[in-house]
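Scroll down for the structure; my scribbles are underneath it.
Values in this text are rule-based calculations from the coordinates and carry no lab data. The structure presented is a predicted model; accordingly, all values stated were derived computationally and were not measured. Positions of Cβ are generated from backbone atoms using ideal geometry, with glycine treated the same way; all protein chains shown enter the neighbour counts.
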Amino acid sequence: MAFFNPFRPSYVQDPYPALARLRADDPVFRSRELDGWVLTRHADCAYVLREQALFGNDPTTASGGMRAHVEDARAKSPLGSAPTLGAADPPIHPRLRGLIGRAFTPRMVEDERAVAAEVAGTLLDEVPAGQPFEFMSHLAEPLPVIVISDLLGLDDDERGPVRAWAQALVRVIAGGELPPDAYREGEAAKAALLDFLRSYTERHAGDTSKKVISILVEAEAQGDRLSLDELLLFTVFLYTAGSGPTAYMLGNALAALLAHPAALEAVRTDRSLLRSALEESLRWDSATQVLLRFAHEDCEVGGRKIT
Ligand code: HEM
């Protein structure tokens, strides 16, 4: 019988040997601890991600312990059960995506590229020349946070508080064992962020800067708009979903290059290789190790019955 425990420190350190063993022994594995199925074959994962009518994102459609856990966390959370982009199925997901998509045009993303390059340059200028420096705290972690703050349209003095409110809220959304203060702090953060978004909206009425908060406030599709709660939730998730994976991806990419000196040398010599090196690093050692999907009905994956 296959053995799989993703909570072991050795797994967290290097998950790939355990994943390779599981793929060989039991590629569609029923985990009692996780109360779910663990898929480790590319073809099975691709199938589940493609078959959106059979497998959804909304954890409240899960069976067993997962559903109870999510419902409990949402009942306690100051954000209640407002849906997020990443945890919603149709018709909620296409509605949110349609409205939020207004703010993320190819032009806007292209413009942000110049901001990201400038921020990276400024952060590197602050590092003492010729000295070793801590890559994560000096570059990889601050870079996406500053770029996302710019993208949202926040002034310098607004960035710290908005990020702190987002972090306080994410802590309680995640649920689990938390000190009682965490919920009080989450409630206070929600109230402060709602106040901020209301006053931001008033101050920036008619704003032509084309930054995300202003666009989302105005965004309308078929007479429908984002509510203030939905705008708040998206702001929170943009900060957290956007900054963590990007920072970890940068760290993993650098670690992979340092572990493969010939690849590092090739990229140093020919900068046109940089883009494909970064693309490849997303596959090589991903910052996101798990994707969750919930089966809407009994079905078969990789020759096993999923119930
Ligand atoms: C290399 C960097 C990144 C990686 C590897 C990554 C990966 C992911 C993955 C795997 C998901 C879950 C998708 C699913 O379940 O189907 C996700 C969700 C999401 N990502 Fe990223 N992402 C990255 C960068 C960003 C950036 C830069 C932003 C924003 C500017 C962003 C915003 C989001 C949002 C808003 C969600 C949905 C979260 C929710 O509502 O639950 N991500 N990302």
Could you pull the Rg and Dmax for region 209-278, using just the Cα atoms, both in Å?
19.4, 56
Fewest-first ranking of 211, 305, 190, 76, using other Cβ atoms within 10 Å as the exposure measure
305, 76, 211, 190
Can you pull the Kirkwood radius for region 72-243, inverse mean 1/r over Cα pairs, to one decimal in Å?
17.4 Å
Would you kindly give the portion of the calculated P(r) for the chain that falls above 38 Å, as a percent of all Cα pairs?
22 percent
Neighbouring Cβ atoms within 10 Å as the yardstick, rank 37, 284 fewest first.
284, 37
Would you calculate, for the chain, the mean residue ellipticity at 222 nm contributed by helices, counting each DSSP H stretch of 4 or more residues as -39,500 (n - 2.57) and dividing by all residues, to the nearest 500?
-18500 deg cm²/dmol
Total charge dipole magnitude, the chain, about the Cα centre, Cβ charges on Lys, Arg, Asp, Glu only, Debye to nearest 20:
740 debye
So, for the Cα atoms of region 149-307, Rg and Dmax in Å stand at 21.0, 58
How would 300, 218, 230 line up from fewest to most surrounding beta-carbon atoms within 10 angstrom?
300, 218, 230
Among 90, 261, 59: highest mean-square fluctuation, GNM of the chain, C-alpha pairs under 10 Å
261
Largest-first ellipsoid semi-axes for region 237-307, taking √(5λ) over the Cα gyration tensor eigenvalues, angstrom
34, 17, 9
Estimated translational D of region 52-103 in µm²/s (Stokes, Kirkwood radius over Cα pairs; 20 °C; 1.002 mPa s):
179 µm²/s
Centroid-to-centroid separation of region 104-137 and region 35-98 [C-alpha atoms, Å]
34 Å
Taking only Cα atoms of region 1-98, what ratio of Rg to Rh do you get with Rh as the Kirkwood inverse-distance radius?
1.03
Here the membrane-span-like helices of the chain, with no claim about any membrane, defined by DSSP H, Cα axial extent at least 24 Å and mean Kyte-Doolittle at least 1.0, are 228-259
Which net charge results when you count Lys and Arg as +1 and Asp and Glu as -1 among the other residues whose beta-carbon is under 12 Å from that of residue 85?
-1
